[in-house]
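Undergrad: If you scroll down you'll find the structure; I have some questions about it.
The values are calculated or read from the model by the stated rules, or taken from the named source; none is laboratory data. Computed from a predicted model, the values in this text were never measured in an experiment. Here Cβ is always computed from backbone atoms with ideal geometry, including for glycine, and neighbour counts include all displayed protein chains.
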Amino acid sequence: MEASLSFMSLCSHTTKAEVDLGALAYNYHQLRQLAPPSVKFLAVVKADAYGHGAIPVSKKMEELSADFLGVASLKEGVELRNGGIKKPILVLSGVYQEEVEEVLDYQLTPMVYRLEIAEALSVAANKRGKKIPIHIKVDTGMGRIGVFFEEAPAFVNRVRRFENLEIEGIASHLSTADEGNSSFAEEQLKRFSRTIEEMKKLDIDPPFCHIANSAALVNLPAAHFTLVRPGIMLYGSYPSPSLKDKVSLRQVMSWESRIADLKKVPAGYPISYGRTFVTQRPSLIAAIPVGYADGYNRLLSNRGEVLIKGKRAPVVGRVCMDWTMVDVTAISGAEVGDEVVLMGSQLGQEITPEEMGGWIGTISYEILCAVGKRVQRIYKG
Ligand SMILES: Cc1ncc(COP(=O)(O)O)c(C=O)c1O
């Protein structure tokens, strides 16, 4: 009983994600200088700041004087306010009818793209004798949320009749800013500029016009308008490899564990569920206490790599809920307790979230957001 308890505590404390707030600050300064100082900066901290922890990241952003924070949902905005965040918070996905009172309670700024929501917000604000700042979301070709760009001026003209709303911003989102060919992004910019011009003709000229994500902040100065909205690059990850030469970033999160068990097995020995890996030679197999319940994707089975003693060790067999096995036969001196880097650097070697994404056909965003709740975040800097 005692032995199994001490083993349990080894498991639960050994897999951790270290979040380097110094690297976050470095990336912020790198990105901040890409747009003129007059352009406002919204730090995208949705999805728990891409897995890094929304409150510590937002506190750092406040300290660095970011102008806005961007969350996906009302719930994420409430979490930031409860965590003591004072800066304006834009709810990028908008809000639902039943959430309008909380928009007021927590002083959030919703993105608006449906008339019934505009009306509900205005009615709620009117009851309290207040005005709610809103940003109008326009779809210029992303094909997701937002008022179709050709209908946007008429929509805004209707929304402005709600006296308890203040149209503070107009926004859109680019679908291809990270691609080499910028022609569709430029078409989206044209549509967005045309919408702004049409609104000006109606005497509607909100202070914040924004469409630039990280890639557009770097690649498309014409997309800066009066506010930029980067996310992924704050966290040190590149939306496309071509951006690496344009701005230097530092990886903010590293994900580490330890070797919990190590054993010599003969050739022909199966590893993990389904026996999808069978040793070809006498092998040394390390068990690492991380699994898909921690966000270590099961598709990394027989594909991923980790760093041990500054060398790469391949994942062998299926990733389990709580365990992943790696072949350390080629790593001399590997021992129980050795540090295992799942993502990050060790003795000059590095595994980036982009590389991990590449192994399993996804993007760094998903790798970072997936790092699970039971992985303890440790903040430095
Ligand atoms: C509306 C909106 N704005 C900005 C961003 C930030 O994009 P990125 O992380 O590519 O910089 C996102 C991210 O998906 C988004 O959905």
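Undergrad: Which pairs have Cβ atoms under 6 Å, sit 6 or more apart or on different chains, and link a residue in segment 97-121 that is touching a residue at least 60 places away in the same chain (Cβ under 8 Å) to one that is among the basic types (Lys, Arg)?
TA: Qualifying pairs under 6 Å: 111/137.
Undergrad: Inspect segment 24-37 for any residue being closer than 18 Å to residue 106 by Cβ and over 17 Å from the mean Cα position of the chain (by Cα) and give the result as yes or no.
TA: Checked segment 24-37: no residue is closer than 18 Å to residue 106 by Cβ and over 17 Å from the mean Cα position of the chain (by Cα).
Undergrad: With the requirement that a residue be in contact (Cβ under 8 Å) with a residue 24 or more places away in the chain, surrounded by fewer than 15 Cβ atoms within 10 Å (Cβ to Cβ) and assigned to a loop (DSSP other than H, G, I, E, B), what does segment 320-370 give you?
TA: 321, 333, 335, 336, 337, 347, 348, 361
Undergrad: Restricting attention to segment 294-319, which residues are in a loop (DSSP other than H, G, I, E, B), within 25 Å of the chain's Cα centre (by Cα) and at negative phi?
TA: 296, 297, 301, 303, 304, 319, listed by residue number.
Undergrad: Take segment 155-181 and flag every residue that is away from the ligand (no atom under 12 Å from the Cβ), in a loop (DSSP other than H, G, I, E, B) and hydrophobic (A, V, I, L, M, F, W, C).
TA: 162
Undergrad: For segment 202-235, how many residues meet the condition of being away from the ligand (no atom under 12 Å from the Cβ) and either touching a residue at least 40 places away in the same chain (Cβ under 8 Å) or out of contact with any helix residue (DSSP H, G or I) (no Cβ under 9 Å at 6 or more places or on another chain) (or both)?
TA: 12
Undergrad: Can you give me the number of residues within segment 170-201 that are in contact (Cβ under 8 Å) with a residue 60 or more places away in the chain and touching a Gly at 6+ places or on another chain (Cβ under 6 Å)?
TA: 0
Undergrad: Can I ask one more? Inside segment 301-319, can you point out the residues that are surrounded by fewer than 21 Cβ atoms within 10 Å (Cβ to Cβ) and either closer than 18 Å to residue 14 by Cβ or in contact with an Asp or Glu (Cβ under 7 Å, 6 or more places away or on another chain) (or both)?
TA: Result: 309, 312, 314.
Undergrad: Specify the residue that is farthest from the ligand (Cβ to nearest atom); the eligible residues are those in segment 75-90 that are touching a residue at least 12 places away in the same chain (Cβ under 8 Å) and farther than 23 Å from residue 207 by Cα.
TA: Selected residue: 84.
Undergrad: Find all pairs meeting these conditions: Cβ atoms under 9 angstrom apart; at least six residues apart or on different chains; first residue within segment 8-22 and within 20 Å of residue 288 (Cβ to Cβ); second residue at pLDDT 50 or above and in a helix (DSSP H, G or I).
TA: As it stands, the answer is 15/294, since those pairs meet every condition given.
Undergrad: Now a separate question. Checking the condition modelled with pLDDT of 95 or more, closer than 18 Å to residue 73 by Cα and part of a helix (DSSP H, G or I), which residue from 102, 119 passes?
TA: Selected residue: 102, the only one of 102, 119 that is modelled with pLDDT of 95 or more, closer than 18 Å to residue 73 by Cα and part of a helix (DSSP H, G or I).
Undergrad: Can you work out which of the residues in segment 139-151 that are over 17 Å from residue 227 (Cβ atoms) and within 16 Å of the ligand (Cβ to nearest atom) is surrounded by the most Cβ atoms within 10 Å (Cβ to Cβ)?
TA: My answer is 147.
Undergrad: When segment 250-282 is examined, which residues are found to be over 18 Å from residue 341 (Cβ atoms) and buried (at least 20 other Cβ atoms within 10 Å of the Cβ)?
TA: Listed by number, the residues that qualify are 271, 272, 277.
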